[in-house]
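K.L.:
What follows is a single structure, and I will ask about it in a moment.
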Amino acid sequence: MSASPPSPLEIEPKVAVGWVPLAPISELRAAMPIPVPVTLAGRPWALVELDGEVSALHDVCPHRRVPLSAGKVAPGPGGRQVLECGYHGWSYRRDGACARIPALGEDVVPRGMGSVAVLSTVVAGGLVWGCPDEVPGTAPELGATDVFLREQIIDAAAPEITAALGASEEAVGGVRTGSDEFGPLRFAVRPIAPRRCALFPLVTADELAAGMAEWVRRTGALPVTPIPSDPDHER
């Protein structure tokens with residue numbers, strides 16, 4: 001019997017704290033019943049909606065170390081939806097607890113066996129946000145007309161991006177603010193690797209038409225990596 005799953009902070013002690021944007025909720029729903037894989041500070045997570053609630057599970061099945069994002073949403077015990085591993089069918093609830101091990105029979109799961117870590121999640125501004133902290137701070141609070149633009153992948157560390165854009169190092173509810181020659185700016189950042197981040201520009205509905213072009217100019221001096229049109233592109 002395996003021990004209880006480690007907390008997200010035990011899995012990756014250097015992971016960014018606070019609320020971090022993971023992916024648009026529209027992409028998550030379009031991909032159903034297949035999870036959306038996303039990387040946060042070098043750690044893989046599988047985003048999935050189970051019984052109408054979004055969850056981010058550590059993207060490694062503890063049985064054979066297969067990515068859970070290669071699995072699918074399926075009916076589970078008690079009629080509740082689970083994330084089912086595509087290899088041997090081990091299945092997981094929203095809280096990361098193992099709900100089914102087919103080889104042991106229906107509803108036979110030794111206590112604590114096979115559980116995976118999860119991030120706290122919330123949906124705000126059309127994005128799924130995750131928080132690795134054991135006690136999450138203030139969740140993102142956005143205005144009714146706030147809109148996030150398509151993310152940009154930038155090959156630089158988060159502090160470099162923040163400094164280049166003249167923004168505050170402190171993120172309030174996951175959102176950084178600042179100003180430059182184009183005026184006030186707001187954005188959120190998800191660290192992917194030591195020198196790679198996803199930048200999510202934030203504008204209002206009134207700024208939407210010119211928003212992306214303006215942000216392209218803003219990030220012109222940064223090493224931006226084009227995002228493939230394939231919806232299954234690596235995050």
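K.L.:
Scanning for something assigned to a strand (DSSP E or B) and within 30 Å of F187 (Cβ to Cβ), does the range 58-67 turn up at least one residue?
P.N.:
yes
K.L.:
What number of residues within the range 1-56 are basic (K, R) and at pLDDT below 50?
P.N.:
Summing the residues that are basic (K, R) and at pLDDT below 50 in the range 1-56 gives 1.
K.L.:
Here are V36, V109, V135, V66: which of them is β-branched (V, I, T) and touching a residue at least 40 places away in the same chain (Cβ under 8 Å)?
P.N.:
It is V36.
K.L.:
I would also like to ask the following. Just the residues that are surrounded by 14 or more Cβ atoms within 10 Å (Cβ to Cβ) and under 11 Å from V175 (Cα atoms), please, taken from the range 130-143.
P.N.:
Answer for the range 130-143, where residues must be surrounded by 14 or more Cβ atoms within 10 Å (Cβ to Cβ) and under 11 Å from V175 (Cα atoms): A139, P140, L142.
K.L.:
Of all residues in the range 185-201, which are touching a residue at least 60 places away in the same chain (Cβ under 8 Å) and over 17 Å from the mean Cα position of the chain (by Cα)?
P.N.:
none
K.L.:
Quick one: how many residues across the range 73-106 are basic (K, R) and in contact (Cβ under 8 Å) with a residue 40 or more places away in the chain?
P.N.:
So the first thing to find is which residues in the range 73-106 are basic (K, R), and the list is 80, 93-94, 100.
Subset that is in contact (Cβ under 8 Å) with a residue 40 or more places away in the chain: 93-94.
Summing the residues that are basic (K, R) and in contact (Cβ under 8 Å) with a residue 40 or more places away in the chain in the range 73-106 gives 2.
K.L.:
To continue, here is another question. Any idea which of W90, W129 is on the phi < 0 side of the Ramachandran plot, among the aromatic types (F, W, Y) and modelled with pLDDT of 95 or more? Spell out the reasoning first.
P.N.:
Details: W90 fails: modelled with pLDDT of 95 or more.
The match here is W129.
K.L.:
Please specify each residue of the range 119-129 satisfying the condition of being surrounded by fewer than 23 Cβ atoms within 10 Å (Cβ to Cβ) and among the hydrophobic types (A, V, I, L, M, F, W, C).
P.N.:
V122, V123, A124
K.L.:
Are any residues in the range 144-184 under 21 Å from the mean Cα position of the chain (by Cα), part of a loop (DSSP other than H, G, I, E, B) and either modelled with pLDDT of 90 or more or surrounded by 14 or more Cβ atoms within 10 Å (Cβ to Cβ) (or both), and if so, which ones?
P.N.:
L149, R150, E151, D155, A156, A157, A171, G173, G174
K.L.:
Right, another one. Scan (1) in contact with a strand residue (DSSP E or B) (Cβ under 9 Å, 6 or more places away or on another chain); (2) more than 20 Å from E27 (Cβ to Cβ); (3) in contact (Cβ under 8 Å) with a residue 40 or more places away in the chain for the single condition G126 breaks and write down its number.
P.N.:
Single failed check for G126: (2).
The values are calculated or read from the model by the stated rules, or taken from the named source; none is laboratory data. The shown structure was predicted, so the numbers you read here are calculated from the model rather than taken from an experiment. Because the Cβ atoms are built from the backbone with ideal geometry, glycine has one as well, and the counts that use them run over all protein chains shown.
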